[in-house]
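The values are calculated or read from the model by the stated rules, or taken from the named source; none is laboratory data. It should be emphasised that the depicted structure is a prediction, and the values quoted were computed from it without experimental measurement. Neighbour counts are summed over all protein chains in view; Cβ atoms, including those assigned to glycine, are modelled from backbone coordinates with ideal geometry. Only protein heavy atoms, including side chains, enter the accessible area calculation; ligands, DNA and RNA are left aside. Shrake-Rupley method; radii C 1.70, N 1.55, O 1.52, S 1.80 Å.
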Amino acid sequence: MGESNFSLVSHIEPTNQNLNIVFTPNSLVRRYEYTVLKNDIPIKSESVDQAKPIQIVLEETGQYKITVQTFDYYNHKTMIESGIYEIDKDAPEIILGSESLKMKIGTPLYPMEDIKAYDKQDGDLLNQVTTNIEELDFEELGIKRLEYTVTDRAGNTTTKSMTINVVKDDTFGVILIQLGMIIALMTIILAILSYRRSVKLEKRIRKYSIEPLHDNSLSLFDKYYQFYCNMISKISKSISKSVFLKKYANRYDKYVGIMGSKSRTGIDFVSAKFFVAFVFVMIAIISSTIQLELMSPYEIVFPFFLGFFAPDLIYISKYKFHRRHIENDLLQAIIIMNNAFKSGRSITQAIELVMTELDGSIAKEFRKMRSELSYGLSVDVVFERFANRIKLEEVNYLTASLSILNKTGGNIIKVFSSIEQSLFSKKKLWLELESLTSSSKLIMYVLFCVPILFVIFVSIVNPEYFLPFFTTPFGILLSFIIIIFYVMYIVCVRKIMTVRM
């Protein structure tokens, strides 16, 4: 007759495979009930009304036990228990102190430092961790990938890698740069102390001396500003010999007179860009030296270009601010000139009236026009120069109208009234267009910012995520391609969203 039994009584070692357990009752069993317990908690119960085998499948992670109650034809009950079945499908976990590491060539590496490995069932598995450190050559410069592998008793395996950047030992160069920085800092401190001592001495002997009629001495800030101006002048003389840079500087001629009186030509603006780029590079080198590291040529390129193009943001913003003020005040200037013509005044008097009634950018431009008239230039030439500086369609229309009036004659009041009405209608239409396209422009700006915000967010969560883009030649190439496509995307979207009137 045999005995009721399980096909697998127990499973001593944990496994990561499913277990198929067959319970076979003997011939005296009329019916039976079985219960599956997972971690001592019943999860499944079922009754079988005949003496036929049944298959029980265990799939999930846990510790299982099966109990069976059998009943014979006399309704006598018999309890049968299986052994323990342990299933472990949870992979162990490896925790690295850092997923990226920069080490100097020749420095010893301790691969198990700050490493943790554990499993929910087996506990600490640090002693079971293996690495591929024997396959790596740390006497050679470049990126190395150190892999950690651990396997638990059930056969679950986890692998995690650490990126190691082997760099040159630049300790001697760093020490030299630090000494240079300390000497420069001490020189600055001594200069400040000497300046303060001279100021105290001047205060002490001032009561015994006669004050000069004109004090031509410069303050400390003025001396530094004069040094900056001299540097810009020297750089301008050097780069003016380059044909390419001279052509490149022509696009900055429109900023002359807007950014200040010291920058008289476009070459001066380009020189200022080179100066700022040099300052950015020096700040980056000092920051890297403080961290006991030397910058590679690839790392110097980024702060240089960042500093070179950073002043463009100031130039463009100030130029747009200047143009926007002129666009907003031009209609008022036309109204004032038209009223002046109605009262019988001349063009020169109308220009002077605009100078006195308005202020800001438009007043400066009309002040230039008044100065040019006083030097003997004709009205046509003065307004033509004004149109070339501003490059507005309305100003071109105004210049053409005045040129025709001077050559052929006509009613200047009607002409200016027509210009005034045209500008008023165009400004009204432009304001309506701005209100209708404001939501689309907002979406456009959001789309511009989303990739940058995504990169910033990922870098905060995982600072090493984008490291291959800056540490490997292929990553640097991909970075340039991504930047080019991003710039093309911005240009295309702006072209699509631009509405010309």
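Scanning segment 69-97 for residues that are of a type in the set (Val, Ile, Thr), in a strand (DSSP E or B) and under 30 Å from ILE56 (Cα atoms) yields THR70, THR78, ILE80, ILE87. Note on segment 16-38: residues that are in a loop (DSSP other than H, G, I, E, B) and either polar (S, T, N, Q) or surrounded by fewer than 17 Cβ atoms within 10 Å (Cβ to Cβ) (or both) amount to 5.
In the set (1) within 22 Å of ASP90 (Cβ to Cβ); (2) not in a loop (DSSP other than H, G, I, E, B), the condition left unmet by GLU60 is number (2).
Candidates are the residues of segment 129-142 that are open to solvent by 70 Å² or more (accessible area, probe 1.4 Å) and modelled with pLDDT under 85; the one that is nearest to PRO463 (Cα to Cα) is LEU141.
If you scan segment 239-276, which residues turn out to be closer than 20 Å to ILE390 by Cα, among the basic types (Lys, Arg) and modelled with pLDDT under 80? If the condition is that a residue be closer than 20 Å to ILE390 by Cα, among the basic types (Lys, Arg) and modelled with pLDDT under 80, then LYS254, ARG264 are the ones that fit.
Inspect segment 367-385 for any residue being under 23 Å from LEU431 (Cβ atoms), open to solvent by less than 40 Å² (accessible area, probe 1.4 Å) and not charged (D, E, K, R) and give the result as yes or no. No, that holds for no residue.
Residues in segment 457-468 that are in a helix (DSSP H, G or I) and touching a residue at least 12 places away in the same chain (Cβ under 8 Å): PRO468 only.
Tallying residues that are in a strand (DSSP E or B) and among the charged types (D, E, K, R) within segment 120-147 yields 4.
Residue count for segment 98-119 under the criterion of being open to solvent by less than 60 Å² (accessible area, probe 1.4 Å) and either touching a strand residue (DSSP E or B) at 6+ places or on another chain (Cβ under 9 Å) or part of a strand (DSSP E or B) (or both): the result is 9.
Check whether at least one residue in segment 432-447 is over 33 Å from the mean Cα position of the chain (by Cα), of a type in the set (S, T, N, Q) and surrounded by 11 or more Cβ atoms within 10 Å (Cβ to Cβ), and report yes or no. Taking every residue of segment 432-447 in turn, none turns out to be over 33 Å from the mean Cα position of the chain (by Cα), of a type in the set (S, T, N, Q) and surrounded by 11 or more Cβ atoms within 10 Å (Cβ to Cβ). In segment 186-201, the residues that are on the phi < 0 side of the Ramachandran plot and free of Cβ contacts under 8 Å to residues at least 12 places away in the same chain reach residues that are surrounded by 10 or more Cβ atoms within 10 Å (Cβ to Cβ) and of a type outside the set (Lys, Arg) with C-beta atoms within less than 9 angstrom, at least six apart or across chains, in these pairs: ILE192/LEU220. Of the candidates ASP329, ASP359, ASP312, the single residue that is surrounded by fewer than 18 Cβ atoms within 10 Å (Cβ to Cβ), assigned to a helix (DSSP H, G or I) and at negative phi is ASP312. Do we find a residue being over 21 Å from LEU306 (Cα atoms), of a type outside the set (Val, Ile, Thr) and either open to solvent by 80 Å² or more (accessible area, probe 1.4 Å) or not in a loop (DSSP other than H, G, I, E, B) (or both) anywhere in segment 476-490? Within segment 476-490, none of the residues are over 21 Å from LEU306 (Cα atoms), of a type outside the set (Val, Ile, Thr) and either open to solvent by 80 Å² or more (accessible area, probe 1.4 Å) or not in a loop (DSSP other than H, G, I, E, B) (or both).
SER422 meets all of the listed conditions (1) surrounded by 12 or more Cβ atoms within 10 Å (Cβ to Cβ); (2) closer than 25 Å to ALA333 by Cβ; (3) touching a residue at least 60 places away in the same chain (Cβ under 8 Å) but one, namely (3).
Out of all the residues in segment 48-61, is one or more touching a residue at least 12 places away in the same chain (Cβ under 8 Å), under 30 Å from THR163 (Cα atoms) and open to solvent by 80 Å² or more (accessible area, probe 1.4 Å)? Checked against the condition, which is being touching a residue at least 12 places away in the same chain (Cβ under 8 Å), under 30 Å from THR163 (Cα atoms) and open to solvent by 80 Å² or more (accessible area, probe 1.4 Å), segment 48-61 yields no hits at all.
Taken together, VAL354, VAL395 contain a single residue that is open to solvent by less than 20 Å² (accessible area, probe 1.4 Å) and at pLDDT 85 or above, which is VAL354.
This table checks each residue for (1) without any contact (Cβ under 8 Å) to a residue 24 or more places away in the chain; (2) of a type in the set (Val, Ile, Thr); (3) closer than 30 Å to PHE474 by Cα.
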| residue | (1), (2), (3) |
| --- | --- |
| ASP114 | yes, no, no |
| ALA117 | no, no, no |
| ILE143 | no, yes, yes |
| ASP152 | no, no, no |
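Restricted to segment 308-323, and to residues there that are of a type in the set (Phe, Trp, Tyr) and more than 19 Å from the chain's Cα centre (by Cα), the residue that is nearest to ILE258 (Cα to Cα) is TYR319.
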